[in-house]
């Protein structure tokens, strides 16, 4: 993994744009379909080795609501060893990367998930 001073080596980035959620870590950008009314992620409440609890803002509700994201089945669908991929991640923060840029650079799309392996960090 290329050392990048913009992010901690143990910190992942969660973002959403254009109807997709992106989870970025270690040069990997995993993109998957978000709920249709999701406007943004506001806060990470808990990170538990692939399971996220976040506050998310939806169009139909003026207040943010608790949302749950389980990355393990997504990683499995991409043939990524979840235990190895998730082990170094100690924290997750919210950012607003350019999702279209990530999707356009995807090396492979499997079961609706775009996957990219890059040496350079893409994100906010």
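Out of the range 86-107, which residues are under 13 Å from the mean Cα position of the chain (by Cα) and at pLDDT 65 or above?
Of everything in the range 86-107, those that are under 13 Å from the mean Cα position of the chain (by Cα) and at pLDDT 65 or above turn out to be 86, 89, 91, 92, 93, 94, 95.
Which residues, counting only those in the range 55-70, are over 10 Å from residue 37 (Cβ atoms) and free of Cβ contacts under 8 Å to residues at least 12 places away in the same chain?
Taking the range 55-70 and keeping what is over 10 Å from residue 37 (Cβ atoms), we get 55, 62-70.
Across the range 55-70, the qualifying residues are 62, 63, 65.
Scan the range 1-30 and report the pairs whose first residue is at positive phi and surrounded by fewer than 18 Cβ atoms within 10 Å (Cβ to Cβ) and whose second residue is at pLDDT below 90 and in a strand (DSSP E or B), with Cβ atoms within less than 9 Å and a gap of 6+ or a chain change.
Listed by first residue and then by second, the contacts come to 27/116; 27/117.
The values are calculated or read from the model by the stated rules, or taken from the named source; none is laboratory data. What you are looking at is a predicted structure, and each value in this text was computed from that prediction instead of being measured. Ideal geometry is used to build each Cβ from the backbone, glycine not excepted, and the neighbour counts take in all protein chains shown.
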